[in-house]
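The next block holds one structure in the form of structure tokens; read it before the comments.
Please treat every number below as a calculation from the coordinates, not as lab data. Given the structure is predicted, the values throughout are model-derived calculations rather than measurements. Every residue, glycine as well, gets a Cβ built from its backbone with ideal geometry; the counts of neighbours run over all protein chains shown.
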Amino acid sequence: MANEYDNTLFEEQARVLAHVTHPGDQYVLRLHAPKTAARARPGQFVHLRVSNERALRRPISIMLTDPERGTIDLLYKAIGDGTRLLSERKTGDLIPMLGPIGVPFDLSDNAKRYVLIGGGVGIPPMIFAADQLQGKADCIVFAGSEVEFPFALKPSTTLLPGINGNAILAIRSLEERDIPSRLASNAGLYGCYAGHVPNLARDYLSALRPDERARCVLLSCGPHPMLHAVARLGRDMGLPTFLSLEEHMACALGGCAGCVVKTIEDGQEKYRRVCVDGPVFAAELLPEFA
């Protein structure tokens, strides 16, 4: 299934400009990659060669871009040998990189209110989407984590329907641009909603007036149990829901078909490649999340 993003892929020697460690083996990596920075869209990812000793690359979602400076920011967690090798990269290192890859979220309808729900390393596409929506369409970010958030936080000055007074913290970079956000955690983190992030989003949506709720669209990325909950939330509320899937990948170019997912399209069962046919899919097409 061809798409308009098939011919926008670049190979770059991305230079490490900054590499910051955060609690919970989380890292924020800033790379100079001007071709990718100029073309990337929320929901797309890059494929990094983590070291000269590892031929297979690692897919990582894009969190932010600065096309004028030619930079991209990535958030990842060191959970395996490959990402641990990546965590050892220093300022000035060159990292072979392919990007941007995949079908992004559709943010074209400025009449919609985009409800962005991210969990763990699924938060970056939500940050990127909020950045791109600023000044164009309404949006709100709900982020969940079981370790300390790798962002500067601050108490929000924005009151949100359905959100109790214990959930007071917001992502500072969003708050300072008048983009509302709230955080959720089961780890007892101060200022966060005590529970799973889809439940936080449900409280918000349930408190909206019917006409306000009807113009919402849900976008989400995170672990599969969270995506199941977001898909269920979308069904319960009758709202369009789009999920960015995170799968293990080998080539990330659609050649190996190692990241296929089953879809139901026009009543027919099909298998789509997450890397190039996704990673963003309408939840209604994915029987796994039905």
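Annotation: for a label point projected 7 angstrom from Cα along Cα→Cβ of THR158, residues of segment 175-208 with backbone N closer than 17 Å are 175-184, 192-193, 200-208. Restricting segment 150-193 to chymotrypsin sites (Phe, Trp or Tyr not before Pro) that sit in a DSSP loop and have at most 16 other Cβ atoms within 10 Å of their own Cβ leaves TYR190. Projected over every direction and averaged, the convex hull enclosing the alpha-carbon atoms of segment 10-101 yields 5.2 nm².
Name the trypsin sites (Lys or Arg not before Pro) in segment 138-201 that are in a loop by DSSP and that have at most 12 other C-beta atoms within 10 Å, would you? Loop-located and lightly packed - ARG177. The Cβ shell under 14 Å around SER185 holds other residues with a net charge of -1, Lys and Arg each +1, Asp and Glu each -1. Rounded is the label for segment 113-246. Its Cα gyration tensor axes, ordered a ≥ b ≥ c, give a/c under 1.5.
Taking the empirical scaling 2.2 N^0.38 Å for compact globular proteins as reference, the chain has a Cα radius of gyration ratio of 0.96. Full extension of the chain between ALA214 and ALA282 yields a length gain of 22.8 nm, computed as 0.36 nm times the residue separation minus the alpha carbon distance.
Shown for TYR27, TYR76, TYR114: other C-beta atoms within 10 Å of each C-beta, ranked fewest to most, produce the order TYR27, TYR76, TYR114.
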